Structure formats: C-alpha cells, structure tokens
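The next block holds one structure in the form of structure tokens; read it before the comments.
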Amino acid sequence: MTRAAGQSLSSRRPGEVQPPKTGKGRGARSNPAGRFERNICESVDDGWDIEDDQPPIKNEITTESPRTIINYVDSPYVGFDRSINPYRGCEHGCIYCFARPSHAYYGLSSGIDFERKLFVKPNAGALLERELSSKSYKPQHIAIGTNTDPYQPIEREFRIMRDILGVLKKFNPPVSVLTKSSLIERDIDILTPMAEVQIVKTMLSITSLDSKLARKMEPRASTPKKRLSAVTALKKAGVPVGVMTAPLIPGINDHELEELLAAAREAGAAWAGYTIIRLPLEVAPLFREWLEAVFPDRAQKVIGIIRDMNGGRDYDIERSRSKRSRSVFAKLIDERFKKSVRRLGFPTKTPAFDPALFRRPEAPDQQLTLF
C-alpha cells in the first residue's frame, strides 16, 4: 500500500520506493524520494505475505542537449578546475557513489533511479571542439570520470567518450581519465598517440580483488581481474596508467589495501592513490540500508568507524576531504598506504602535464599565413 499526493514530471511517482529486493545488477536496495521533492510515497506492510516477483528493472535513457560540455569547478578539495561528464547517472551501481545526490536536481531518486535513469550527451564531441576552438579558451588539465564513469556499459552503444577523445587528440589539452571499466582498452588506438605527446594519463579504480565482494559493492562494473588486465594493456601500449584503491571502507575492504597495491604494481601501474568512503546527503541512508542487508553482522561497527572519522556525523566535508588525517582509522590507512607505495617502488608524484602543448588546428578553408 502507498500514501501519496500530487504529480511528478518523472515517470516515477513522487518518492516512489522500490521493494528491498531490486533484482540482480543493482546496487541500491530502494528508491527513496529526492531531497527536493514535495511529496512522499512510502511502503506499508499490509500483512499479506505475497511474493512480489517483479521483472528486472530496465534502464531509461534520456538524450540531453547541453550548451556546453566543459564543466568549470571551483573547489579547494580537487586538483583540477574543469571536467567533462559524458553521462549523468551511472549503470555501475556502486552503492557508495558520492555522485548519487546529483539526481535529486532532476526530481529523481539517488537510489535505483541513479542507476537506471540515465542521461546521455550525444553532441559532447561537437560541443568540445567548439569550446576548445574558441580564442578565449585557456588550456588546463581536464578531468574525466570524476563524477560518473565515462566508460559505463551504455558507452558501448553511444561511444560518446570515444568522440571526446578524438577531439582531445586534435587539440592536445592535458587530460586525465578515471574509470572502473575495462572498456577503456577499446580506445587504446586514440590514447596511445595522445600519450606519445604526453597529454594524457589514465587511472583504473579497483576497490577489491575479491570478485564476489566487488559484485556486491559495484554490481555492473568490470571485474577486478579485467580492470587489472586493462592496466597491463594500457601500460603495454605506452599509456601512463595508475590505480586508485578507492574507496576504502572500514571493515569491508580496508584489509586489502596492501594486496591491492601489490597487484596493481604487478599489473603495470606507475602510480597509486586512495580515498576513504564518503557519505554525503542521500548516500548515507542508501549505504546504511545496503550494509544492513549485505553485512548485518558488522553494519554497526562499520558505521561507527565512519562516524568517528567524520566527527560523530555520517559525513563532514572538512574532515573527509582534509589533507591531514584526524581519526585513528584515517591515520592508520594513510600510514599503511605510504609504507606500501615505498616498498613497492611507486613514484611519489604522477606524470606532469604541459598546457603549452595545446594547439588549435587550422580549419580546412582557413587562409594560410605567409610567415
């Protein structure tokens, strides 16, 4: 039974909540209302013990036509000032994804909606070429994959990321690509010449070497084995590649840190990084719900450590994004990471970029200059 009022512009009723059993390939256990919705719909147990055998939840894809594709970032917590996001929402279904709350701006849920109601930008390549061609554009590092994954499964069909790389290859701005998908191997033919002129670096995010655990945390991402294989393929092709052991979750995968770094180094990773789980806004209750369903025996302990790292809250940006570790757990992770990268011979710095390599190709009909 449900209780609701009003209408929603989306196909989902306001605040619609899916039953906890959401089927294979989904990370979130429910579909709670977004924080901007005025109406709420809640599930009620009416006493009838009837199996709700629903068919798998299919994706809904919406085409967007934005006016610009380069997103300018003004934040002290990231090491870049601009990014590109070919997609909104992400099929990978990572339960801990900090980008989930962005779906609330569409009147959609950060739960199942984020994983299946996807927005694509087919004109991204054309927009990027126009923006880079502008005489007012000043080249700096462009980060791709910092919000939702550019190589999520629908990229096989839409190939938007491949179009973007084709444009970047023409203009030579410095660019980094972060992904959880082995699909990045498809674009080695473009990435290799970009690497030859030192304008690109790539990173694979690997959360666990345990395929069963990875399946629970990030159900539609490539398996750990395939991600490590992608690292090797990129390394072999001469493309600078590193690994992010991210996010580390206390009591879930933090014990794998040293093993993850060793496997990454063996696969060919030239550098490594890490982050500890962050639970902003709607991510916190979604993660709690998942944790209690998948790891009921340790849910309280895990949440307790996370709250300790955040000053007693589920999330505190000053503590979570601080360069200085404050909690016992965060300090321990930092020491373990530093010790491991030294032992494994990882460089302390990633490859540097040179914005001076940027160029604007002359148009075919442009008049040539005499000098």
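The values are calculated or read from the model by the stated rules, or taken from the named source; none is laboratory data. The structure presented is a predicted model; accordingly, all values stated were derived computationally and were not measured. Quick reminder, even Gly has a Cβ in these numbers, built from the backbone with ideal geometry, and neighbours come from all protein chains shown.
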message: Given the condition more than 23 Å from residue 224 (Cα to Cα), under 22 Å from the mean Cα position of the chain (by Cα) and surrounded by 15 or more Cβ atoms within 10 Å (Cβ to Cβ), answer yes or no: does some residue in the stretch 338-351 qualify?
response: yes
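Does the stretch 148-164 contain any residue that is assigned to a strand (DSSP E or B), among the hydrophobic types (A, V, I, L, M, F, W, C) and at pLDDT 95 or above?
The initial filter retains those residues of the stretch 148-164 that are assigned to a strand (DSSP E or B), namely none.
No: zero hits.
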Members of the stretch 168-179 found to be of a type outside the set (Ser, Thr, Tyr), crowded, with 22+ Cβ neighbours inside 10 Å and free of Cβ contacts under 8 Å to residues at least 60 places away in the same chain, listed by number: 168, 175, 177
task: Output the residue which, of all residues in the stretch 118-148 that are touching a helix residue (DSSP H, G or I) at 6+ places or on another chain (Cβ under 7 Å) and free of Cβ contacts under 8 Å to residues at least 60 places away in the same chain, is nearest to residue 61 (Cα to Cα).
output: 120
query: From the list 295, 287, 337, which residue is among the aromatic types (Phe, Trp, Tyr) and in contact with a Leu (Cβ under 6 Å, 6 or more places away or on another chain)?
result: 287
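Let me confirm something: among 285, 351, 347, 296, which residue is under 30 Å from residue 32 (Cβ atoms) and not in a helix (DSSP H, G or I)?
On the way: 285 fails: not in a helix (DSSP H, G or I); 351 fails: under 30 Å from residue 32 (Cβ atoms); 347 fails: under 30 Å from residue 32 (Cβ atoms).
Exactly one of 285, 351, 347, 296 is under 30 Å from residue 32 (Cβ atoms) and not in a helix (DSSP H, G or I), namely 296.
Can we say residue 285 is surrounded by fewer than 19 Cβ atoms within 10 Å (Cβ to Cβ), under 22 Å from residue 113 (Cβ atoms) and touching a helix residue (DSSP H, G or I) at 6+ places or on another chain (Cβ under 8 Å)?
Working: surrounded by fewer than 19 Cβ atoms within 10 Å (Cβ to Cβ): yes; under 22 Å from residue 113 (Cβ atoms): yes; touching a helix residue (DSSP H, G or I) at 6+ places or on another chain (Cβ under 8 Å): no.
So residue 285 fails the test.
Filter the stretch 250-263 for residues that are part of a loop (DSSP other than H, G, I, E, B) and surrounded by fewer than 20 Cβ atoms within 10 Å (Cβ to Cβ) and give the result.
Pass one, the stretch 250-263, residues part of a loop (DSSP other than H, G, I, E, B): 250-253.
Hit for the stretch 250-263 is 251, nothing else.
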message: Go through the stretch 264-277 and report how many residues are buried (at least 20 other Cβ atoms within 10 Å of the Cβ) and in a helix (DSSP H, G or I).
response: 3
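Here are some residues: 311, 238, 304. Which one is at positive phi, more than 22 Å from the chain's Cα centre (by Cα) and at pLDDT 95 or above? Quick ask: steps written out before the conclusion?
Details: 311 fails: at pLDDT 95 or above; 304 fails: at positive phi.
Sole residue among the options that is at positive phi, more than 22 Å from the chain's Cα centre (by Cα) and at pLDDT 95 or above: 238.
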- prompt: Taking only pairs six or more apart or across chains, which ones have beta-carbon atoms under 9 Å, a first residue in the stretch 340-360 that is on the phi > 0 side of the Ramachandran plot, and a second residue that is at pLDDT 85 or above and in a helix (DSSP H, G or I)?
  reply: 345/265
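Within the stretch 210-236, restricting attention to residues that are among the polar types (S, T, N, Q) and not in a loop (DSSP other than H, G, I, E, B), which residue is surrounded by the fewest Cβ atoms within 10 Å (Cβ to Cβ)?
Restricting attention to the stretch 210-236, the residues satisfying the condition of being among the polar types (S, T, N, Q) are 211, 222-223, 229, 232.
Adding the requirement that they be not in a loop (DSSP other than H, G, I, E, B) leaves 211, 229, 232.
Values: 211: 12, 229: 16, 232: 15.
Within the stretch 210-236, the match that is surrounded by the fewest Cβ atoms within 10 Å (Cβ to Cβ) is 211.
Filter the stretch 301-331 down to the residues that are part of a helix (DSSP H, G or I) and out of contact with any helix residue (DSSP H, G or I) (no Cβ under 9 Å at 6 or more places or on another chain) and list them by number. Give the derivation first.
Applying the first criterion (part of a helix (DSSP H, G or I)) to the stretch 301-331 yields 301-309, 317-320, 328-331.
301, 304, 307, 317, 318, 331 - these are the residues of the stretch 301-331 that are part of a helix (DSSP H, G or I) and out of contact with any helix residue (DSSP H, G or I) (no Cβ under 9 Å at 6 or more places or on another chain).
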